[in-house]
1. Return yes when Ser98 is farther than 30 Å from Ala40 by Cβ, among the hydroxyl-bearing types (Ser, Thr, Tyr) and without any contact (Cβ under 8 Å) to a residue 60 or more places away in the chain and no when it is not.
2. Say whether the condition of being in contact with a Ser or Thr (Cβ under 9 Å, 6 or more places away or on another chain), hydrophobic (A, V, I, L, M, F, W, C) and either more than 25 Å from Leu27 (Cβ to Cβ) or at pLDDT 95 or above (or both) is met by at least one residue in the range 108-119.
3. Being touching a helix residue (DSSP H, G or I) at 6+ places or on another chain (Cβ under 9 Å), part of a loop (DSSP other than H, G, I, E, B) and farther than 25 Å from Arg178 by Cβ is the filter here, so list the residues in the range 94-144 that pass it.
4. Output the residues belonging to the range 4-34 that are touching a strand residue (DSSP E or B) at 6+ places or on another chain (Cβ under 8 Å) and of a type in the set (Ser, Thr, Tyr).
5. Touching a residue at least 12 places away in the same chain (Cβ under 8 Å), out of contact with any strand residue (DSSP E or B) (no Cβ under 7 Å at 6 or more places or on another chain) and outside any loop (DSSP other than H, G, I, E, B): is that true of Gln88 in this structure?
6. Filter the range 34-46 down to residues that are in contact with a helix residue (DSSP H, G or I) (Cβ under 7 Å, 6 or more places away or on another chain) and in contact (Cβ under 8 Å) with a residue 60 or more places away in the chain and give me whichever is farthest from Ser187 (Cα to Cα).
7. If I go through the range 56-77 residue by residue, how many of them are of a type outside the set (D, E, K, R), exposed (fewer than 15 other Cβ atoms within 10 Å of the Cβ) and assigned to a helix (DSSP H, G or I)?
8. Could you list, ordered by first residue, the pairs with Cβ atoms under 7 Å in which the first is in the range 163-174 and without any contact (Cβ under 8 Å) to a residue 60 or more places away in the chain and the second is of a type outside the set (Val, Ile, Thr) and exposed (fewer than 15 other Cβ atoms within 10 Å of the Cβ), at least 6 apart or interchain?
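The values are calculated or read from the model by the stated rules, or taken from the named source; none is laboratory data. Since this is a predicted model, take the numbers as computed values, not measurements. Every residue, glycine as well, gets a Cβ built from its backbone with ideal geometry; the counts of neighbours run over all protein chains shown.
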Amino acid sequence: MKQANLGLDVEQLINRQSWLQASARQLLEELRVLSILEPAGTVRAVGSLELGLMVWPDIDLEIVTSGPPEAEAVLDILRDLVVVSGVQKINYADHRQSPGDGIPRGVYLGPDIEYRGVQWQVDLWFVDADQAATRKRLADSFRKALDDHSRRTILEIKQVAAASDKYHRGISSVDIYRAVLEEKAESVDDFVAYLARSGREL
């Protein structure tokens, strides 16, 4: 989803990240989101919540099912989420047969939640153990490579990239992580050059 460039300096981004982390965990606890999800499988934080790289109020959770994710079980969860305080709408998508690039093979729910005056986007992916293991290996590699300098660089690039119409439409946060952690990008210009090498632009 395209976002407005916040125009924050790096220290403000660090402070915002810390606030978003704390607020996200408060939301999950107060609204009992994890308790709602747990009947469907093992729940774990992924994405920017897991890595400490939040710029926007969005929460990524993965629900690892005991077998292939079943639409019926996900719809049971959807019914429980509908009555959660602050839920305004819930998107649903079934990617079990034909996932796109960068999209896991699974079932997706995306509730939009207003919590303490802030609009939160929550991305819930119901996936099997193989899909989860693949995604975890990638996240682990990013986590091991992160340090204070690369974390600051990623937050600065994410703030600018998210204002592009192409963000989440051919360009993702994973691209930013790869550019900084694997290709040693140090700036937005470096990230633009990284994208250009694969025929993309910001």
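1. For Ser98, the condition - farther than 30 Å from Ala40 by Cβ, among the hydroxyl-bearing types (Ser, Thr, Tyr) and without any contact (Cβ under 8 Å) to a residue 60 or more places away in the chain - is not met.
2. Yes, the range 108-119 has at least one match.
3. Those that are touching a helix residue (DSSP H, G or I) at 6+ places or on another chain (Cβ under 9 Å), part of a loop (DSSP other than H, G, I, E, B) and farther than 25 Å from Arg178 by Cβ: Arg96, Arg116.
4. Answer for the range 4-34, where residues must be touching a strand residue (DSSP E or B) at 6+ places or on another chain (Cβ under 8 Å) and of a type in the set (Ser, Thr, Tyr): just Ser23.
5. Numbers: touching a residue at least 12 places away in the same chain (Cβ under 8 Å): yes; out of contact with any strand residue (DSSP E or B) (no Cβ under 7 Å at 6 or more places or on another chain): no; outside any loop (DSSP other than H, G, I, E, B): yes.
The answer is no for Gln88.
6. To start, the set of residues in the range 34-46 that are in contact with a helix residue (DSSP H, G or I) (Cβ under 7 Å, 6 or more places away or on another chain) comprises 34, 36-37, 40, 43, 46.
The next check asks that each one be in contact (Cβ under 8 Å) with a residue 60 or more places away in the chain; those that pass are 37, 40, 46.
On the way: Leu37: 38, Ala40: 41, Val46: 25 Å.
Only one residue fits best here, namely Ala40.
7. Count: 2.
8. Gly170/Arg200; Ile171/Arg200
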